[in-house]
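Since the structure comes first, as structure tokens, the remarks are kept for the end.
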Amino acid sequence: MTELLGVPAPVLFGQLLLGLINGSFYALLSLGLAVIFGMLNVINFAHGALYMTGAFVAWFLLNYLGIGYWPALILAPLVVGAFGIVLEKTMLSRLYKLDHLYGLLLTFGLALIIEGLFRNAYGVSGQPYPIPSALQGGQNLGFMFLPTYRGWVVVASIIVCFGTWFLVERTRFGAYLRAAVENQELVRAFGINVPLLMTLAYGFAVALAGFAGVLAAPIYQVNPLMGQDLIIVVFAIVVIGGLGSILGSIVTGLGIGVVEGLTKTFYPEASATVVFLIMAIVLALRPHGLFGRPRA
Amino acid sequence: MPEAAGGGEALLRVKDLHAFYGESHILHGSEFEIDAGEVVTLLGRNGAGKTTTLKSIMGMVEQRQGSITLDGTELIRLSPDRIARRGIAYCPEERGIFASLDVEENLMLPPTVQSGGMSVQEIFQLFPNLKERLRSSGTQLSGGEQQMLAIGRILRTGAKLLLLDEPTEGLAPVIVQQIGEVIRKLKAKGFTILLVEQNFHFASTLADRHYVVEHGRVVDEIPNERLQENMGKLHEYLGV
Ligand SMILES: Nc1ncnc2c1ncn2[C@@H]1O[C@H](COP(=O)(O)OP(=O)(O)OP(=O)(O)O)[C@@H](O)[C@H]1O
Ligand SMILES: [Mg+2]
């Protein structure tokens, strides 16, 4: 068996793949957090709970309505996005004029409530969700075995991430968003309905979390705590990447996933803490993050 | 002629306008009006409330009272986006060029609110510099170019009333001249312009009338043709 740096190649590549998969989820979630923070000035602690909700919606669709994976990949984000729009309209929008802290407290409370409700109903053991038949099995790449579904997760999330990048950086709607991040008042005085823009931005960002939840369901099982486990790391990633750029969120998300994978291979003891170590170093050297700009 | 504007024809009519930032009461019953096609300036010292007056018209202050009508329609309860959609465009004192947008995106940002706006080609004829710099980030432009972009982008929208806040502030004399030329052309095209200016020599080359703002209200009105005879009074108002 070939070895790389003293580690069997399949093990190394296996960990790298795992890292890329985690990184895909990090990227999808941190992207949404960056959009929400930029537009709404809210640190959305409910993001993990909405990711979990996406997975549960897919599970409900399958188990109660017999609707499978592919439709769920569209429907669950729509449901989560609509739920997000209701949250934004009825609660979050009342807090924009106040300190960040209020938005954080509200969304933290919402996360506890949503997760608590699912936990009461379904416990913490996790519900299995089958891999869709078209994506079962895998490919032997020679140097490693690639399960098809995992390859799909990486590809799908990269496509969605770059779709989002395109939307924000290359379209008229995206120009409204970027301008509103800089100066909402003026954008509104040009005749753009900024409150509506904020609602749509929140709905879109949490729909991304719902999408990630569906992608995750066949890998991690559907578990009320699946969001909680992930979201702390995602916040660290947001801090590392900074909130300035969409591309920054994507690159940092994928990059941190890979770094975690490598750490698991070479120094497993540090794999859970390496993200926070990087965060501390980045904070010390570049307080606005690797890709961030100081905010006015 | 302007004094006779008491009939129904004023395009913009401001009556007993009060504006507040939190606890501070900034405008104290300002009154003035502008007829369609006029260029009118607001003159006044620093802190007199000129910018606040423009922002109040746009609905951008936290709280305002009184009456602002455009073509007879009351605006005082409308949000800034609704006001803009009625055909008023605002060019802020700090220019408000977006750093995360390139020049073209900045130019195309304000949505069309009415038909009859200028085409991008016409805007490039007024401001040839902009055409060369379309791919630059908005804030890589020089101060003068940023000002041109800030004016240019509101000409596309079809708004017929322009609120320009100190468009010549801090700019080199040649650029000031160029902007003066543009404002004259805009007047010729039929735009109505409310212009805030510190530089009344510049203002006197463009404007039909001048309002003097002091302590949050309009305290005097001077037709441009009577500016010379009012110089002494004006120097006193402006403290120059
Ligand atoms: N956001 C704000 N909050 C509180 N007070 C403000 C705010 N903006 C302006 N003011 C105050 O309102 C008053 C009028 O300010 P405004 O900007 O309208 O003056 P101005 O005539 O435009 O002055 P300048 O010639 O310096 O631009 C000033 O006393 C200013 O300190
Ligand atoms: Mg001012």
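The values are calculated or read from the model by the stated rules, or taken from the named source; none is laboratory data. Remember, it's a predicted structure, so these values are computed and weren't measured experimentally. Counting neighbours? That spans all protein chains shown, and the Cβs are built from the backbone with ideal geometry, glycine included. All accessible areas refer to the heavy atoms of the entire protein, side chains included, with ligands and DNA or RNA removed. Shrake-Rupley method; radii C 1.70, N 1.55, O 1.52, S 1.80 Å.
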Give me the distance in nm between label points sitting 7 Å out from Cα along the Cα-to-Cβ direction at B:THR112 and B:GLN125, one decimal.
1.8 nm
In short, the stretch B:26-72 residues buried by 40 Å² or more of accessible area relative to the isolated chain (1.4 Å probe) are B:MET60
For the stretch A:179-210, list whatever residues lose no less than 50 Å² of accessible surface once every protein chain is in place, relative to that chain by itself, with the probe at 1.4 Å.
A:GLU182, A:GLU185, A:LEU186, A:ARG188, A:ALA189, A:PHE190, A:GLY191
Within chain A, longest stretch free of exposed trypsin sites (Lys or Arg not before Pro) [DSSP loop, at most 14 other beta carbons within 10 Å]:
A:98-294
Which percent of the accessible heavy-atom area of the stretch B:19-72 goes to carbon and sulfur, probe 1.4 angstrom?
42 percent
At 7 Å along Cα-to-Cβ for each site, give me the label-to-label distance between A:ASN63 and B:GLU23 in nm.
5.7 nm
Taking only protein heavy atoms and a 1.4 Å probe, what accessible area per residue, in Å², does chain A have with all protein chains in place?
44 Å²
Report the Rg/Rh value for the protein assembly as shown, based on alpha-carbon coordinates and the Kirkwood definition of Rh.
1.09
Taking K and R as +1 and D and E as -1, what net charge do the other residues with C-beta under 14 Å from the C-beta of A:LEU17 add up to?
+1
Given a Förster radius of 60 Å and the C-beta distance between A:PHE266 and B:GLU229 as r, what FRET efficiency does 1/(1 + (r/R0)^6) yield to the nearest 0.05?
0.10
Under the rule of at least 5 residues apart or a separate chain, name every residue whose amide H is placed under 5 Å from the amide H of B:LEU101.
B:GLY138
Given the protein chains as shown and a 1.4 Å probe, how many square angstrom of A:TYR64 are accessible, to the nearest 10?
150 Å²
Net +/- balance of residues flanking B:ARG135 in space, Cβ distance below 14 Å, scoring K and R +1, D and E -1:
-3
Scanning chain B for trypsin sites (Lys or Arg not before Pro) in DSSP loops with at most 14 other Cβ atoms within 10 Å, what's the longest stretch left with none?
B:1-76
Mean-position separation - Cα centroids, the stretch A:236-265 and the stretch B:136-198, in angstrom
43 Å
What FRET efficiency would be calculated for the residue pair A:GLN221, B:ALA99, taking the C-beta separation as r and a Förster radius of 51 Å, to the nearest 0.05?
0.70
Proximal lysines to A:LYS97, defined as alpha-carbon separation beneath 16 angstrom and excluding residues fewer than eight positions away on the same chain
A:LYS89
Any idea how far apart A:ALA121 and A:ARG172 come out in nm if each label point goes 7 Å out from Cα toward Cβ?
4.0 nm
Between the stretch A:14-44 and the stretch B:52-122, how many Å separate their Cα centres?
36 Å
Note: the stretch B:10-238, point scatterers on Cα, Debye, no solvent; log10 I/I(0) at q = 0.10, 0.12 Å⁻¹ equals -0.43, -0.63
Taking A:THR273, B:THR73 and ranking on accessible area (1.4 Å, protein atoms only), highest first, one gets A:THR273, B:THR73
Heavy-atom accessible area per residue, the stretch B:92-138, 1.4 Å probe: how many Å²?
44 Å²
Buried area at the B-A interface (accessible, heavy atoms, 1.4 Å probe, summed, Å²):
1800 Å²
So who's got an amide H within less than 5 Å of the one on B:ILE26, skipping anything under 5 residues away but keeping other chains? H placed 1.01 Å off N, in plane.
B:ALA19, B:PHE20, B:TYR21
Please report, as a whole percent, how much of the solvent-accessible surface of the stretch A:16-285 comes from carbon and sulfur atoms (probe radius 1.4 Å).
71 percent
By how many nm would the segment from A:VAL259 to A:THR148 lengthen if fully extended, with 0.36 nm per residue of separation less the alpha-carbon distance?
37.7 nm
Return the Cα extents of the stretch A:16-285 along principal axes one, two and three, sorted largest first, each rounded to a whole Å.
59, 49, 35
